[in-house]
1. Determine if the stretch 308-316 includes at least one residue that is hydrophobic (A, V, I, L, M, F, W, C), buried (at least 24 other Cβ atoms within 10 Å of the Cβ), assigned by TED's automatic domain parsing to the domain that holds residue 47 and closer than 30 Å to residue 98 by Cβ.
2. Having 2 or more residues that are touching a helix residue (DSSP H, G or I) at 6+ places or on another chain (Cβ under 7 Å) is the bar; report the helices (runs of 4 or more DSSP H) wholly within the stretch 258-372 that clear it.
3. Just one of 197, 176, 168, 205 is without any contact (Cβ under 8 Å) to a residue 12 or more places away in the chain, charged (D, E, K, R) and outside the structural domain of residue 337 (by TED's automatic domain parsing); which is it?
4. Report the residue count in the stretch 205-237 for those that are over 24 Å from residue 372 (Cβ atoms) and surrounded by fewer than 21 Cβ atoms within 10 Å (Cβ to Cβ).
5. Here are 205, 197: which of them is under 15 Å from the mean Cα position of the chain (by Cα) and outside any loop (DSSP other than H, G, I, E, B)?
6. Of the residues that make up the stretch 170-183, is at least one modelled with pLDDT of 95 or more and closer than 22 Å to residue 312 by Cβ?
7. Working only within the stretch 230-285, note down all residues that are touching a residue at least 12 places away in the same chain (Cβ under 8 Å) and among the polar types (S, T, N, Q).
8. Among the residues of the stretch 96-115, is there at least one that is of a type in the set (Gly, Ala, Ser), crowded, with 17+ Cβ neighbours inside 10 Å, in the same structural domain as residue 244 (by TED's automatic domain parsing) and more than 23 Å from residue 288 (Cα to Cα)?
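The values are calculated or read from the model by the stated rules, or taken from the named source; none is laboratory data. All figures in this text were calculated on a predicted structure; none of them were measured in a lab. All Cβ positions, even for glycine, are placed from backbone atoms using ideal geometry, and neighbour counts span all protein chains on display.
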Amino acid sequence: MKKESGYGFSTRAIHTGNEVDKETGAIQRPITLANSFQLPYDPTTMNWSSADGNLYTRNGGCNQKYLQQKIADLEGGEDCVVLASGVAALSGLFFALLKQGDHVIFSSVTYIAVYRLFHELFNTKFGVETTIVDTSDPANVAAAIRPNTKLIHIETPGNPTLQISDIEEIARIAHENGALLSVDNTFASPYNQRPLEFGADFTVESMTKYINGHGDAMGGAIIGKKEYLDIVRAQSQVNLGGVISPFNAWLIMRGSATLPLRMKQHNENAMALAAYLESLPCVSFVAYPGLESHPQHELARKQMSPGYGGVLSFGLKDADHDTHNRFVSNLKLILSAVSLGHDETLIVFLGEDDERQYLYPEQFSNGFFRLAVGLEDVEDLKEDIRQALEKTGLL
């Protein structure tokens, strides 16, 4: 089913990329685990690195292609490449786009792998110049532009401070200066935000998170124009080998059908928990774009709809390092684990000595929690937080 069909988001989440299997009549795409496919009569004229057709699963497999159709449609993009993880998608895009002497501007609040890639690896290994800026103010981006700026990369909402950046304005700055804009959309998902609609050149998703939604598969997606994504396929998929497994592609395809229903619950639960936490005297701050207290709430309202995602961060007043850990240990329902977008709620304590602490707002400097809100009954989550705070001596 094509995105031009005019069907709504929920209908496309179910049907795009899925057809009746011609051989068996199954109404769901089967898992094709083969790593090699039959060659034509005369294979000597073939391009062994081609991603067209079925040749070898590193060049692109059946389940990968079905999933690419769906994600491109949901993001409103011309084309999509799905790879083995969100980091494979990020590094694959950067590797394909950048060369020695290019300059990259990237957000001060990003996933740790982006910080590693641009702050340490691409500049020292490949001679790519990089600049970290607070992209919540587009003026900082404009001030950092150089003649050799090739790419601006932002993450909005940003991990882990929930900082919001103005996609439309930063896209304008990028294009006026001959640069491209990529946006990590993982915290929002295509249900809440579609960066291509605001002028971004690329959207990157860790499909491990909301798109899969079950905490049982890894994958990453890059969405944008085919002319660029063909380069990603050739370089980062075929020649670097960042291909997604057929089974993971199938699992994510299955999970994505319920993305709209799950995101509605993630949005509602996170909003309710953010408001609850903000009402507690022992909580020093809550960072969630849906709260009016968030410094970029109006911008979030402009570019996020119908909700603000399922992740929030919060701090505790006058709590030392051990108190933070004791609070987490007293939780019963909420699990201490990384990732987000799972059915269960997850929490991570980020301590005072985080190497990127100098990049975060001051209220984050004494240690804080990132809470990835799940799909449980929200009153049970509130009670779990309340009883843990009480046992820790904070209530």
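1. No, every residue in the stretch 308-316 fails to be hydrophobic (A, V, I, L, M, F, W, C), buried (at least 24 other Cβ atoms within 10 Å of the Cβ), assigned by TED's automatic domain parsing to the domain that holds residue 47 and closer than 30 Å to residue 98 by Cβ.
2. Here the list reads 259-278.
3. Exactly one of 197, 176, 168, 205 is without any contact (Cβ under 8 Å) to a residue 12 or more places away in the chain, charged (D, E, K, R) and outside the structural domain of residue 337 (by TED's automatic domain parsing), namely 176.
4. Count: 8.
5. After applying the criteria, what remains is 205.
6. Yes, the stretch 170-183 contains a residue that is modelled with pLDDT of 95 or more and closer than 22 Å to residue 312 by Cβ.
7. 235, 236, 237, 239, 245, 248, 256, 258, 265, 267, 269, 284
8. Within the stretch 96-115 (the criterion being of a type in the set (Gly, Ala, Ser), crowded, with 17+ Cβ neighbours inside 10 Å, in the same structural domain as residue 244 (by TED's automatic domain parsing) and more than 23 Å from residue 288 (Cα to Cα)), the answer is yes, since at least one residue qualifies.
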